[in-house]
1. Across the Cα atoms of region 74-127, what radius of gyration and what greatest pairwise Cα-Cα distance (Dmax) are found, in Å?
2. For region 1-149, state what percent of all Cα-Cα pairs lands in each successive 5 Å bin, counting from 0 Å until the bin that includes the largest distance.
3. Work the Kirkwood hydrodynamic radius out for region 19-81: mean of 1/r over every pair of different alpha-carbon atoms, inverted, in Å.
4. Work through the residues other than Asp86 whose Cβ is under 12 Å from its Cβ and net out their charges, Lys, Arg +1 and Asp, Glu -1.
5. Please calculate how many Å² of accessible area region 63-166 carries per residue, with a 1.4 Å probe and no DNA, RNA or ligand atoms counted.
6. Over the C-alpha atoms of region 198-242, what are the Rg and the largest Cα-to-Cα span, Dmax, in Å?
7. With a 1.4 Å probe and all protein chains left in place, how much of the accessible area of region 14-150 comes from carbon and sulfur atoms, in whole percent?
Amino acid sequence: MLGVYPLLAVIALAARPIMLTILGVNCALLIADIIKRRLLSRAVIWYFTMIVEPAVIPVCIGLIIGRPLSYIGTEVKVWTVGFLLDILIAMAASATALIILIRGHIRVIDKRLPAFSECSPERLRFVSVRRLVCAGGAGTAIAAVVFVPALLMQLPSVAMFSLMFLAGIFCPAFLYFSIVGAAGAGIDMLVLSVFLLWVIIEYLTVLNGCFRYIFFSDKSKGRKAVLAILCVVFPIFGFIYVFYTLYDFSKNYRIDQ
């Protein structure tokens with residue numbers, strides 16, 4: 001087993017308790033938000049959910065990918081029922097995470113709080129963009145720190161499986177190696193895609209901050225469209241531009257109240 005496989009195998013054994021814990025915490029957060037309106041928009045809770053929740057969906061996908069390892073040696077009936085239950089739990093945990101994320105993207109701040117009750121519209125937009133930038137930037141950085149080492153660890157494995165695949169293509173006698181190589185490379189890419197998905201979901205928070213500024217500004221529709229496309233296609237540009245938005249907000253708009 002190469003790269004991140006040993007780690008996935010260990011975590012897969014505890015997949016169901018992990019997913020049930022995630023589901024329980026998310027349900028508690030949603031219920032608390034219903035009882036105490038806009039609780040999830042409070043600064044500490046909002047930052048926590050917007051940084052942590054994007055990892056839930058990739059984590060659940062990764063756990064489901066590795067979960068069959070824990071059923072090795074069990075009967076087909078037990079394996080089927082258990083794995084189906086795991087999938088349902090993962091879907092429920094992912095759904096609650098998605099609801100919290102969508103809610104957090106829409107209601108960034110609680111405007112009813114005394115700190116915001118008398119703020120100008122520009123000040124409210126500035127605070128919203130700043131929160132999105134900080135949470136999205138921190139989350140994306142954390143996800144990237146995990147993704148890059150995983151990518152480096154898997155490169156030798158991908159290269160080996162690719163060579164095995166080519167060996168079978170050019171020499172029919174090694175067709176078996178080609179099949180194994182294709183399967184191994186596919187699994188490698190699937191694992192890396194899970195980590196990449198985490199980075200993408202975190203970056204969506206940064207994009208929200210960019211879009212809120214772009215469509216609020218007095219730029220032409222053409223410039224707005226170009227800037228929005230650049231932020232989507234080139235994440236590095238998005239990171240640079242989003243910090244410019246904070247500077248431009250504080251310089252050109254009234255955000256003192």
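The values are calculated or read from the model by the stated rules, or taken from the named source; none is laboratory data. Quantities reported herein were computed from a predicted structural model and do not represent experimental measurements. All Cβ positions, glycine included, derive from the backbone under ideal geometry; neighbour counts span all protein chains shown. All accessible areas refer to the heavy atoms of the entire protein, side chains included, with ligands and DNA or RNA removed. Shrake-Rupley method; radii C 1.70, N 1.55, O 1.52, S 1.80 Å.
1. For region 74-127, the Cα-based Rg and Dmax read 21.1, 64 Å.
2. Spelled out per bin, shortest first, that is 1, 9, 16, 17, 16, 13, 10, 7, 5, 3, 2, 1, 0.
3. 14.0
4. Details: positive: Arg16, Arg67; negative: none.
Net of charged neighbours comes to +2.
5. Per residue, region 63-166 has an accessible area of 53 Å².
6. 10.1, 33
7. 75
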